[in-house]
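The values are calculated or read from the model by the stated rules, or taken from the named source; none is laboratory data. The structure displayed is predicted, hence computed values, not measured ones. When we count neighbours, we look across all protein chains shown, and the Cβ atoms used for this are built from the backbone with ideal geometry, even at glycine.
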């Protein structure tokens, strides 16, 4: 595909537009000096302690297996039962007003207390955050991946709109051993 040339009128219009703007970033000549200044302040790249063993040409290298899933999203059956009202939400824990630290401290106690009481499903309200990915929501999902959570939680699912929608989760607890 060949590019067409600008007409004289288009070239004049482009010239007027180009003169009316101010650059927002460094010029290319400034960019090179910025790179060299950054490289001067960085430590040298660490070299590998042991060289990697040579592989046969054409042989596939083994990739480590992906980590085993921990508290997985719940199967659709449980999620549907809760949304239809067939599986009762035993308790609700609202994280609004909590800081990251206070939420991280309070949540395990709440879940273990509910599990000890025989609850199988609880609702945890994290809030959506300003742009749909709030800090507490992100930290809650990360906490579900920890060993402490795996001991308590069998799965989770995003809540139905009447229970908080994208800002809340049904948490399915394991049976007490």
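Residues 162, 138, 151: which one is within 16 Å of residue 91 (Cα to Cα) and surrounded by fewer than 16 Cβ atoms within 10 Å (Cβ to Cβ)?
162
Scan region 142-157 residue by residue and report those that are touching a residue at least 24 places away in the same chain (Cβ under 8 Å) and within 18 Å of the chain's Cα centre (by Cα).
143, 144, 145, 146, 149, 155, 156, 157
Based on what the data block shows, is residue 132 surrounded by 18 or more Cβ atoms within 10 Å (Cβ to Cβ), modelled with pLDDT under 85 and at positive phi?
Taking the combined requirement at face value, the residue does not satisfy it.
Within region 95-108, identify whether any single residue is over 20 Å from the mean Cα position of the chain (by Cα), under 18 Å from residue 173 (Cβ atoms), at pLDDT 85 or above and surrounded by 15 or more Cβ atoms within 10 Å (Cβ to Cβ), and answer yes or no.
yes
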